[in-house]
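To start, the structure under review is shown below, and the notes come after it.
The values are calculated or read from the model by the stated rules, or taken from the named source; none is laboratory data. As the structure is a computational prediction, the values presented were derived from the model and not from experiment. So basically every Cβ, Gly included, is an ideal-geometry build from the backbone, and we count neighbours across all protein chains shown.
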Amino acid sequence: MIIFKQAKPLNHYLEQEQKAGKKIGFVPTMGALHQGHLSLVSAARTDNTLTVCSIFVNPTQFNNAEDFKHYPVTVEKDLEQLVKAGCDILFLPGVKEIYPPGQPKKTYDLGLLENILEGSYRPGHFQGVCQVVDRLLDIIHPDNLYMGQKDFQQCMVVKKLLELAGKGNRIRLNILPTVRENGGLAMSSRNLRLNTSEKKLALSIFEELSLIQKEFPHQSISSLKHLAEEHLREKGFSVDYVEIASARDLHAPVQPGEPAVALIAASIGKIRLIDNLVLN
Ligand code: AMP
């Protein structure tokens, strides 16, 4: 695996490879890698001739300074995992490579997506996501981009970004299923911050999503939401939202017959977790 820390040499290298006929698959991450990330690398390897992964803890997408400060960093272990997974190139930039000093930060018209669910609880988060993904795509020029359904709204935001930035016909966005631990907890870098009993408790989020999925045909949306919220609060979670929305555009309430997704964001102490399940 070749490691690049600077944007220009990476851009130049990939340009040559693309001219030579290589097809590039790209997996952007913030590191602290787990099987969820590695499933994206594996898909990129299957579909492409060159797999590029990036690790960059993007400051502009953190609306909470404490969360940024405590975001897990495990670079040595990440490198080992990427080599084992067969990743060809790792981009490991510093902040100045992604946000060159003096360059104004772009803003993106994300419409409804910016202000609902994650957008409403994490102001500015999706602008930050767009800034980093837009910049990474300009450096890497992939044919295929790989993201996880675990971050359902983020996938929609990036789809919109590709349209807004005129990249949608050049870059294919591939959304891969959420990888879960035994018991159903969605793998997440933030799980590293949970102790054993908190990890056990965190399973309740998937249990509530599964209950909503089972009962969706039989109960009203409002009672399903209410029940899940109540269960989580009783167990000690602080609940930001339980929503059942259109899986096409996250409009809520979902209309009868439309594909639906249930989404939960809840915190155990200071650790905020999100998960979702498509219902039909
Ligand atoms: P992150 O490092 O959290 O920014 O995630 C990088 C990419 O990995 C994003 O596209 C995530 O949606 C994806 N991802 C994170 N967790 C999982 C998971 N459990 N299963 C599948 N993809 C995931």
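Can you name the condition, by its number, that Glu215 falls short on among (1) under 19 Å from the mean Cα position of the chain (by Cα); (2) of a type in the set (Asp, Glu); (3) closer than 18 Å to Ser246 by Cα?
All conditions are met except number (1).
Quick check on this structure: which one of Asn58, Asn48, Asn11 is among the polar types (S, T, N, Q), in contact (Cβ under 8 Å) with a residue 60 or more places away in the chain and surrounded by fewer than 17 Cβ atoms within 10 Å (Cβ to Cβ)? Quick ask: steps written out before the conclusion?
Details: Asn58 fails: surrounded by fewer than 17 Cβ atoms within 10 Å (Cβ to Cβ); Asn48 fails: surrounded by fewer than 17 Cβ atoms within 10 Å (Cβ to Cβ).
Result: Asn11 is the single residue among Asn58, Asn48, Asn11 that is among the polar types (S, T, N, Q), in contact (Cβ under 8 Å) with a residue 60 or more places away in the chain and surrounded by fewer than 17 Cβ atoms within 10 Å (Cβ to Cβ).
Check segment 83-98 and report whether any residue there is of a type in the set (A, V, I, L, M), free of Cβ contacts under 8 Å to residues at least 12 places away in the same chain, assigned to a helix (DSSP H, G or I) and farther than 22 Å from Leu161 by Cβ.
Taking segment 83-98 first, the residues of a type in the set (A, V, I, L, M) are 83, 85, 89-90, 92, 95, 98.
Filter once more, so that each one left must be free of Cβ contacts under 8 Å to residues at least 12 places away in the same chain: none.
No - not one qualifying residue is present in segment 83-98.
Among the residues that make up segment 89-98, is at least one of them among the β-branched types (Val, Ile, Thr), away from the ligand (no atom under 16 Å from the Cβ), at pLDDT 95 or above and buried (at least 18 other Cβ atoms within 10 Å of the Cβ)?
yes
Can you name every residue in segment 234-266 that is surrounded by 14 or more Cβ atoms within 10 Å (Cβ to Cβ) and of a type in the set (Gly, Ala, Ser)?
Ala245, Ser246, Ala247, Ala252, Ala260, Ala262, Ala265, Ala266
Run Arg248 past the list (1) of a type outside the set (Ser, Thr, Tyr); (2) more than 26 Å from Lys160 (Cβ to Cβ); (3) without any contact (Cβ under 8 Å) to a residue 24 or more places away in the chain; (4) not in a helix (DSSP H, G or I) and report the number of the one that doesn't hold.
Arg248 satisfies all of (1) of a type outside the set (Ser, Thr, Tyr); (2) more than 26 Å from Lys160 (Cβ to Cβ); (3) without any contact (Cβ under 8 Å) to a residue 24 or more places away in the chain; (4) not in a helix (DSSP H, G or I) except (2).
Taking only pairs six or more apart or across chains, which ones have beta-carbon atoms under 8 Å, a first residue in segment 200-214 that is under 16 Å from Val239 (Cβ atoms), and a second residue that is at pLDDT 95 or above and among the acidic types (Asp, Glu)?
Note: pairs meeting the criteria are Ile205/Asp275; Phe206/Asp275; Leu209/Asp275.
Restricting attention to segment 31-46, and to residues there that are outside any loop (DSSP other than H, G, I, E, B) and either more than 16 Å from the ligand (Cβ to nearest atom) or among the aliphatic types (A, V, I, L, M) (or both), which single residue is nearest to the chain's Cα centre (by Cα)?
Initially, segment 31-46 is screened for residues outside any loop (DSSP other than H, G, I, E, B), giving 35-46.
From what's left, either more than 16 Å from the ligand (Cβ to nearest atom) or among the aliphatic types (A, V, I, L, M) (or both): 38, 40-41, 43-44.
Values: Leu38: 13, Leu40: 11, Val41: 14, Ala43: 16, Ala44: 16 Å.
Result: Leu40.
Can you name the number of the only condition in (1) part of a loop (DSSP other than H, G, I, E, B); (2) closer than 19 Å to Val132 by Cα; (3) touching a Ser or Thr at 6+ places or on another chain (Cβ under 9 Å); (4) more than 10 Å from the ligand (Cβ to nearest atom) that Asn63 fails?
Answer for Asn63: the failing condition is (3).
Residue by residue, here is whether (1) acidic (Asp, Glu); (2) under 29 Å from Gln18 (Cα atoms) holds:
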{"position": "Ile55", "(1), (2)": "no, yes"}
{"position": "Pro59", "(1), (2)": "no, no"}
{"position": "Asn64", "(1), (2)": "no, no"}
{"position": "Phe68", "(1), (2)": "no, no"}
{"position": "Leu82", "(1), (2)": "no, yes"}
{"position": "Asp88", "(1), (2)": "yes, yes"}
{"position": "Lys96", "(1), (2)": "no, yes"}
{"position": "Gly102", "(1), (2)": "no, no"}
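Output the qualifying pairs, or none if there are none: Cβ atoms under 7 angstrom, residues six or more apart or on different chains, first residue in segment 16-30 and more than 11 Å from the ligand (Cβ to nearest atom) and in a helix (DSSP H, G or I), second residue β-branched (Val, Ile, Thr) and modelled with pLDDT of 95 or more.
Short answer, once both residue conditions are applied: Gln18/Ile24.
Could you check segment 152-201 and list, in sequence order, the residues that are farther than 21 Å from Glu243 by Cα and hydroxyl-bearing (Ser, Thr, Tyr)?
Residues satisfying the conditions are Ser189, Thr196, Ser197.
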